[in-house]
1. Extending each Cα 7 Å along its Cβ direction at Arg68 and Glu133, get the distance between those two points in nm, one decimal.
2. What is the extension gain from Lys82 to Ser61, computed as 0.36 nm multiplied by their sequence separation minus the C-alpha to C-alpha distance, in nm to one decimal?
3. Please list 3J(HN,Hα) in residue order for the range 121-132, calculated via the Karplus relation 6.51 cos²θ - 1.76 cosθ + 1.60 where θ = phi - 60°; whole Hz, with x for glycine and proline.
4. Can you compute the modelled spin-label distance between Glu51 and Thr34, with each label point 7 Å from Cα toward Cβ, in nm?
5. Between Arg140 and Ser27, what is the FRET efficiency for a Förster distance of 22 Å, r being their Cβ-Cβ separation, to the nearest 0.05?
6. Mind ordering 42-48, 123-129 by average Cβ neighbours within 10 Å, highest first?
Amino acid sequence: MKIKILTTTLIILLTACQSNPTKSPSSYLKYIDTNQFDQQLSQSMQQDEPEIEIETLSPFSSNNIPERLNNWLSMITQNGGKVKTEPAEGERVLGTIKLIFNSIYNLGKYEPAAKYDAKLIYRRNESGAAMIEKVIFINR
């Protein structure tokens, strides 16, 4: 019995002491529909960040992805990368959401996305529409 209590206490102490690594400024960006966002994301990708998390200030429907962000995702799919959707923590999975990305005019600023995959984190709103909360670019 004392061994169980000691083991449990040790596990709790070790877990409590775990540090959460802080993300570098280039691996965590906020999405704002500006050229500056494109520049920051391009620079982050050129630094070969293993993962770049993009927080959306205003979640958007998976059927209405902003054009600027869609350009990045299109570059990924055009270069053999994968773009998938994933439920946010605590979200019930109600089915698979398919995203179709159109081929677009390729501007040089999107080329760094060629070596990344992307994960779109969504949560369903009251009407059942999947609203993208976060986009994570993952270096392949």
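1. Those two pseudo-labels are separated by 2.3 nm.
2. Going from the current span to full extension adds 5.6 nm.
3. Here the 3J(HN,Hα) series is 9, 10, 9, 7, 8, 4, 8, x, 6, 7, 10, 5 Hz.
4. Going by the 7 Å Cα→Cβ label model, 2.7 nm.
5. Efficiency at R0 = 22 Å is approximately 0.90.
6. 42-48, 123-129
Read-outs: derived from the displayed coordinates by stated rules, not from any lab. The structure presented is a predicted model; accordingly, all values stated were derived computationally and were not measured. Reconstructed Cβ throughout: ideal geometry from the backbone, glycine too, with neighbour counts over all protein chains shown.
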